[in-house]
Amino acid sequence: MPQLTWFVTGCSSGIGKSLSAALIARGERVVATARNLQDIAHLQSESVLPLQLDVTSSPETLRMVVDEAINHFGGVDVLVNNAGYLQGSFVEEADTKDYISNFMVNFCGTMNVTRTLIPHFRSKSSGTIIFVGSRAGWQGDMGASPYNATKFALEGILDTLQLETSGFGIRSMIVVLGYFRTELFSTSRLIFTRSHPNKIYDPIETAVLDGVAKVHGHQPGDPDKLAHRIVDVVKGEGMAAGKPFPKRLPFGEDALKDVRQKCEETLKICDEWEEVIKSTNIEGSGI
Ligand SMILES: NC(=O)c1ccc[n+]([C@@H]2O[C@H](COP(=O)([O-])OP(=O)(O)OC[C@H]3O[C@@H](n4cnc5c(N)ncnc54)[C@H](OP(=O)(O)O)[C@@H]3O)[C@@H](O)[C@H]2O)c1
């Protein structure tokens, strides 16, 4: 496949940082965006355009940044909506504001950048949109209600996006990530709130935060390898050569296990309850 131009959000750290490096190494053009330009100052190359972008910015700012990217390289081919953070909370203790703050970045940020790029992709009848999902969008975790919900929401809207835009020549995919060794779980980034505290959850909070501390720095996934696999899939190269472009793709053995388990559990329910499930139609109707 010829050289492509990628627009990546959240390049200061973790997966975005690894993806920018992989794209440069593979001779692609990158619009690397970050909230703080200093965090991507190391990306010095003719094939890189570093731009400041907070994905929660106004539509006018998003338009300006996207237009600058399109004008600089003469177009954008691939959007990777990578920016995100983990907001944890227990369901009983979480407040609307806990959900809104995580949704503003992980979900609305993704949708707003996507919406800004769709007209460009439509005008050239091609483009690829990647959502960065999580195993947390398949299997809920204790104490992670806002984050789980944002990633589950991305799963749902990916299907709608695909139905609405595939006719314009736009491909879309959600990558369902297992645990990758990034800064997502670091104490400086992860936010855990107890807006409506209830003592009953104190010991569970300790267990959850101990679990997070144990995971951080020991995640099995390598973000550099992931970055190259994402490039492979988008370009149909390397390990992805000859395979059809998938709508959703787990990465990491842990993600594979969670996705499989959820599918199997759901199929089992469909089988065990089939008679009951089918018993609610109005007599004589059908779809
Ligand atoms: N690592 C995993 O195990 C894992 C698993 C499943 C899914 N994911 C997803 O992978 C994506 C990348 O996370 P990561 O693991 O690489 O974590 P990370 O190292 O913490 O990187 C997160 C990136 O998102 C950026 N970001 C946060 N809020 C932003 C905003 N409002 N506007 C623009 N950028 C913003 C951060 O920028 P700042 O430096 O400015 O904060 C940083 O560049 C996230 O969507 C995450 O949910 C990760």
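What follows is calculated from the coordinates using simple rules that are stated; it is not laboratory data. Not measured: the values here are computed from a predicted model. So basically every Cβ, Gly included, is an ideal-geometry build from the backbone, and we count neighbours across all protein chains shown.
Some notes on this structure:
- Net charge of Cβ neighbours under 14 Å - reference Val215; Lys, Arg +1; Asp, Glu -1: 0
- Distances between placed amide hydrogens fall under 5 Å for Ala144 paired with Ser89, all partners being 5 or more residues away or on another chain.
- Working note: Karplus 6.51/-1.76/1.60 with θ = phi - 60° gives region 205-215 the couplings 4, 4, 5, 5, 5, 4, x, 4, 4, 5, 6 Hz, where Gly and Pro are set to x.
- Charge context of Glu155, other residues only, Cβ under 13 angstrom, K/R +1, D/E -1: +3
- Per residue, the convex hull spanned by the Cα atoms of the chain amounts to 171 cubic angstrom.
- Gap separating the Cα centres of region 178-238 and region 246-284, nearest whole Å: 26 Å
- Above-threshold pairs, the threshold being 28 Å between Cα atoms, out of Lys214/Lys262; Lys17/Lys257; Lys17/Lys199; Lys247/Lys268; Lys97/Lys124: Lys17/Lys199; Lys97/Lys124
- When +1 charges are put on Lys and Arg Cβ atoms and -1 charges on Asp and Glu Cβ atoms, the dipole computed for region 5-280 relative to its Cα centre reaches about 660 debye.
- Rounded Å value of the spacing that divides the Cα centres of region 90-169 and region 23-78: 20 Å
- Ranking Val259, Phe107, Thr128 by how far each Cα lies toward the positive end of the dipole of the chain (charges on Cβ) leaves Thr128 at the top.
- DSSP loop GluC sites (Glu not before Pro) with at most 12 other Cβ within 10 Å: longest gap in the chain: 93-282
- In percent, rounded to a whole number, the relative contact order of region 5-280 is 19, using alpha-carbon pairs under 8 Å and six or more apart.
- Under a 5 Å amide H cut-off, with hydrogens placed 1.01 Å from N, Val30 pairs with Trp6, Val48, Leu49 among residues at least 5 apart or on other chains.
- Equivalent ellipsoid of region 96-142: semi-axes from √(5λ) of the C-alpha gyration tensor, largest first, are 27, 15, 5 Å.
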